[in-house]
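The next block holds one structure in the form of C-alpha cells; read it before the comments.
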Amino acid sequence: MELILLLFTFILAAFLGFELISKVPSQLHTPLMSGSNAISGITIVGALIASGQQDYAISKWLGLAALVLATINVVGGYYVTDRMLSMFKSKKDQ
Amino acid sequence: MPESIINVSYIVAAILFILGIKMLGSASTAVKGNRISSLGMLIAVIVTLSKSGLDYTWIVAGLVLGGMIGLVAAKRVQMTGMPELVALFNGFGGLASLLVGWSEYEKVRTEGWGVYMEKVGDAMPGQWFLALVIVLAVIIGGITFTGSIVAYLKLSGKIGGTATIFPLQKLINLLVMLGAVVVGCYFITIADNETARFWLWWVIFLSLLIGVLGVIPIGGGDMPVVIALLNSFSGLGAAAAGFVITNTVLVVAGCLVGASGLILSMIMCKAMNRSLGNVLFGGFGALTSSGGKQVEGEMKALSVKDAYYVLEAAQSVVFVPGYGMAVAQAQHVVKELSEILERNGAEVRHAVHPVAGRMPGHMNVLLAEADVPYEQLCEMEEVNAIIPTVDVAIVIGANDVVNPAAIEDEKSPIYGMPIINVHQARSVFVLKRGQGAGYSGIINTLFFRENCRMIYGDAKATVGSMVAQFEE
C-alpha cells in the first residue's frame with residue numbers, strides 16, 4: 001500500500017486511540033492494558049508471512065521465533081483478559 | 001485468496017479492534033469487547049494464512065507451540081500474578097516485532113536490495129526508508145522486550161523492587177541511547193553493504209541494553225506507569241514492523257495500541273502529579289531516607305475485638321485496598337466483611353486510588369474476583385468528597401496513596417500526588433503486617449495521627465477474625 005496512505009492511516013489510528021482511551025474509567029485500566037497488549041500481538045501477521053517463506057533460511061527461522069512469541073502474546077493475552085473481565089459482576093447478576 | 005479480499009479483511013479486523021477497545025471502556029460491554037477484538041485477530045490470522053506462496057510446515061508448529069504456552073500460562077496464573085504476566089507477554093510481543101524487522105532485513109540482504117526495491121516499487125520512497133523502519137522496529141522491539149522482562153522480574157519479586165541506582169547512571173544511559181541512534185543512522189546509510197549486518201547486530205544489542213538500563217532505576221511505586229508505557233511501545237513496535245513489510249493491519253492495530261498505552265501512562269502520571277519525564281528519569285524510589293521531616297508521636301495499636309466495637313456501630317465504612325491486600329489474598333474476606341457491615345446497616349464503599357497496586361486498575365480486578373459488586377467501587381474524587389462523614393476508613397495494605405505527607409510535606413518525594421484523604425475520616429484502621437516502611441520506603445505520617453489505629457498482622461487473618469467477631 002502506498003506509503004503516504006499508510007502514514008495517513010497511522011496518524012488517524014493515533015487520534016482514534018486517544019479518543020477511545022480517554023473515556024475508560026480507571027476501574028478497567030488493568031483489563032484494558034491486558035486487552036490492548038493482546039492486540040499488539042498483531043505482529044503475528046508479520047511473523048506468519050516471515051516464517052512461511054520457502055527460501056531465505058535465516059529469515060524464516062527468525063520469523064518462526066517471532067511466530068511462537070507473537071502467538072503466546074495473542075492467545076495468552078486474550079485469555080487472561082477474558083478471565084479478568086468475567087469477574088466484573090454487577091449486584092444484579094449475583 | 002486475492003490481495004483485495006485480504007486487504008478488505010484486514011480493514012474488517014481493524015474495525016473489530018477499534019470496536020473492541022471501545023467496548024472495553026465499560027464494565028457491561030467489556031467482555032464482549034474483548035471477544036470481538038479476538039475475532040478481529042482471528043480474521044487477520046486466517047486471512048494471512050490464505051496468502052499464496054506460504055510454506056505451512058513450520059507455521060503450524062509455531063502456532064501450536066505458541067498457543068499452548070500462552071494458554072497454559074494464562075490459565076494457571078493467579079490474579080495477583082496478573083501484572084507480571086501481562087508484562088511478560090508484552091515483552092514477547094516486543095521481541096516478535098524485533099525479529100520480524102530483523103527477518104525482513106535478512107530477506108532483503110539475501111535477495112539483494114536492488115531486486116527487493118524493484119518488487120516493492122511505490123510502497124517505499126527508497127532504500128533509506130526501508131532501512132529506517134527496520135532500525136525502528138528493532139530498537140522499539142528491543143527496548144520493549146528487555147524493559148518488559150525487567151518489569152516482570154521486579155513485579156514478581158525476583159529482583160529488588162526498589163530502584164537500582166549506580167554512579168554516572170544518567171550519563172551512561174544517555175550514552176547508550178545516543179550510541180543506538182548513531183549506529184542506527186550509520187546502518188541506514190550503508191544498508192545495502194555486506195557489512196551492514198554487523199551494525200544491525202550492534203543496534204539490536206544496544207536496544208536490549210537500553211531496555212534494561214531504562215527500567216532498573218524505576219522504583220516499585222512507579223511500575224504501573226512503566227508497564228503502560230511498555231505496552232504502548234509494543235504497539236509502536238508492531239506498527240514499525242508494519243511499515244517494514246507494508247502491512248496495513250499491523251500499522252493500524254499497532255498505532256491504536258501505541259496511542260492507548262501512551263495516554264494511559266499520561267493519566268497515571270497525572271494521578272501521581274508527576275511528569276512522565278520525572279518518572280522515567282527522576283530516579284524516584286531511591287529517595288527513601290532523604291527528604292521529608294521526621295515524624296513525631298507514636299503509632300497506636302488496636303486489637304481486633306476493639307476494632308469490632310467501632311465497626312459494629314459504624315454507619316459508613318470505606319475500604320482502601322492496596323497491594324498488601326493482594327499479597328495476603330484478603331479480597332475474599334474483605335468482601336465477607338463488607339457484606340456483614342452492610343447487613344448491619346452501614347454504607348460500604350471500596351475506594352480505589354488510580355495507582356494502587358502494581359498495575360492500574362489492579363485492585364479493581366481483585367475486588368471483582370471477590371465478587372464485590374462494581375457499584376461499591378469508588379474513585380478517589382468521589383470518596384474524598386464524602387470522607388469527613390465516614391465513620392471508619394479501613395486501609396488494607398495501601399500506603400503511599402493514603403499518606404498525608406503528599407499534601408503537607410513539601411520535601412516528601414510524593415508531595416503533590418493526590419491521595420485518598422482517609423485522615424479526614426472519623427477513625428482510620430490501618431492493617432499492616434508489621435511496623436516496617438512500605439514498598440516505596442517512605443514514612444507514612446497517617447500512622448501517627450490521633451484518629452489512626454494500627455492493626456498488625458496478616459490482612460487476611462485480621463479481617464477473618466473481624467468477620468468471626470460479627471458472627472459471634
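Where a number appears in this text, it was derived from the coordinates with a stated rule and is not lab data. Quick caveat: nothing in here was measured; it's all calculated off a predicted structure. Because the Cβ atoms are built from the backbone with ideal geometry, glycine has one as well, and the counts that use them run over all protein chains shown.
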Next on the checklist: Whole angstrom only: what separates the Cα centroid of the stretch B:1-39 from the Cα centroid of the stretch B:361-404?
Outcome noted: 33 Å
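Between B:TYR56 and B:PHE205, 0.36 nm times their residue separation minus their Cα-Cα distance comes to what? Walk me through the intermediate numbers first.
Numbers: separation 149, 0.36 × 149 = 53.64 nm, distance 3.12 nm.
Gain in length upon complete extension: 50.5 nm.
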Checklist entry - Using θ = phi - 60° and the Karplus form 6.51 cos²θ - 1.76 cosθ + 1.60, what ³J(HN,Hα) does each residue of the stretch B:386-395 get, whole Hz, x for Gly and Pro? => result 10, 4, x, 8, 7, 6, 10, 9, 10, 9
Checklist entry - For B:SER26 and B:MET1 in the same chain, what is the full-extension length gain: residue separation times 0.36 nm, less their Cα-Cα distance, in nm? => result 5.3 nm
Checklist entry - Taking other Cβ within 10 Å of each residue's Cβ, how do B:TYR116, B:TYR323, B:TYR456 sort, fewest first? => result B:TYR456, B:TYR116, B:TYR323
Item to check | Value of D in µm² per second that Stokes-Einstein yields for chain B, Kirkwood Rh from Cα pairs, at 4 °C (1.567 mPa s) | outcome: 53 µm²/s
Item to check | the stretch A:38-66 residues near the modelled B:GLU111 label - backbone nitrogen below 16 Å, point 7 Å along Cα→Cβ | outcome: A:46-63
Next on the checklist: Please list, ordered by chain and number, the residues whose modelled amide H lies under 5 Å from the amide H of B:VAL430; skip anything fewer than 5 residues away on the same chain.
Outcome noted: B:VAL395, B:ARG453, B:MET454, B:ILE455
Checklist entry - Which of the aspartates and glutamates could a cross-linker span from B:LYS119 if the Cα-Cα distance has to be under 12 Å and same-chain partners fewer than 8 positions apart are dropped? => result B:GLU111
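Report, in debye and to the nearest 20, how large the dipole of chain A comes out about its Cα centre when Lys and Arg carry +1 and Asp and Glu carry -1 on their Cβ. The partial results should precede the final answer.
Values: 6 positive and 5 negative charges, 98 e Å.
Result for chain A is approximately 480 debye, rounded to the nearest 20.
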Checklist entry - Rounded to the nearest 20 Debye, what is the dipole magnitude of the stretch B:102-234 about its Cα centre when Lys and Arg each give +1 and Asp and Glu each give -1 at the C-beta? => result 500 debye
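Most exposed first by the Cβ proxy, i.e. fewest other Cβ within 10 Å, how do B:LYS170, B:LYS335 rank? Show your work: numbers first, answer last.
Numbers: B:LYS170 12, B:LYS335 21.
So the ranking, lowest neighbour count to highest, is B:LYS170, B:LYS335.
Looking at the stretch B:11-43, which trypsin sites (Lys or Arg not before Pro) are DSSP coil and have at most 10 other C-beta atoms within 10 Å of their C-beta?
Passing sites in the stretch B:11-43 do not exist.
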Checklist entry - Along the three principal axes, how long is the protein assembly as shown when you take its alpha carbons, biggest first, rounded to the nearest angstrom? => result 81, 54, 35
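What is the average number of partner chain Cβ atoms found within 10 Å of a Cβ in B:225-234?
Values: counts 0, 0, 3, 4, 0, 2, 6, 4, 1, 7.
Mean inter-chain Cβ contacts per residue within 10 Å come to 3.
Given a Förster distance of 30 angstrom, what is the FRET efficiency for B:GLU471 paired with B:THR389, based on the Cβ-Cβ distance and rounded to 0.05? Before the final figure, lay out the partial values.
Details: r = 28 Å, r/R0 = 0.92.
Once rounded, the FRET efficiency stands at 0.60.
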Checklist entry - Given B:LYS51/B:LYS158; B:LYS22/B:LYS335; B:LYS75/B:LYS170; A:LYS60/B:LYS154; B:LYS22/B:LYS411, which pairs have Cα atoms separated by over 32 Å? => result B:LYS51/B:LYS158; B:LYS75/B:LYS170; A:LYS60/B:LYS154; B:LYS22/B:LYS411
Checklist entry - Considering the zone a paramagnetic label at A:GLU2 would reach in this model (a point 7 Å from Cα along the Cα-to-Cβ line), which residues of the stretch B:124-148 have amide N under 19 Å from it? => result B:124-127, B:129-130
Next on the checklist: Within chain A, which whole H helices from DSSP have a Cα span along their axis of at least 18 Å and a mean Kyte-Doolittle hydropathy of -0.5 or more, if any?
Outcome noted: A:3-22, A:57-86
Item to check | Label-point separation, B:GLU339 to B:LEU276 (7 Å along Cα→Cβ), nm | outcome: 4.4 nm
Item to check | Pair B:ILE165, B:VAL181: separation of 7 Å Cα→Cβ label points (nm) | outcome: 2.5 nm
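Could you list B:ASP306, B:ASP400, B:ASP371 in order of exposure, starting from the residue whose Cβ has the fewest other Cβ atoms within 10 Å? Before the final figure, lay out the partial values.
Working: B:ASP306 13, B:ASP400 25, B:ASP371 16.
By the 10 Å Cβ count, ascending: B:ASP306, B:ASP371, B:ASP400.
Quote the charge dipole size of the protein assembly as shown about the Cα centre in Debye, to the nearest 20; the model charges only the Cβ of Lys and Arg (+1) and of Asp and Glu (-1). Don't jump to the answer; show the numbers that get you there.
Details: 35 positive and 39 negative charges, 92 e Å.
In debye, rounded to 20, the protein assembly as shown gives about 440.
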Checklist entry - What average count of beta carbons from other chains do you get within 10 Å of the Cβ of residues in B:70-77? => result 6
Checklist entry - Counting only complete DSSP H runs, which helices of chain B cover 20 Å or more along their long axis at the Cα atoms and score a mean Kyte-Doolittle of 1.0 or above? => result B:3-23, B:30-49, B:56-76, B:127-155, B:169-189, B:196-215, B:223-244, B:248-272
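Among rounded, prolate and oblate, which fits the stretch B:304-471 when a ≥ b ≥ c are the square roots of the eigenvalues of its C-alpha gyration tensor, a/c under 1.5 means rounded, and a/b larger than b/c means prolate?
On the way: a/c = 1.41, a/b = 1.35, b/c = 1.05.
The shape class here is rounded.
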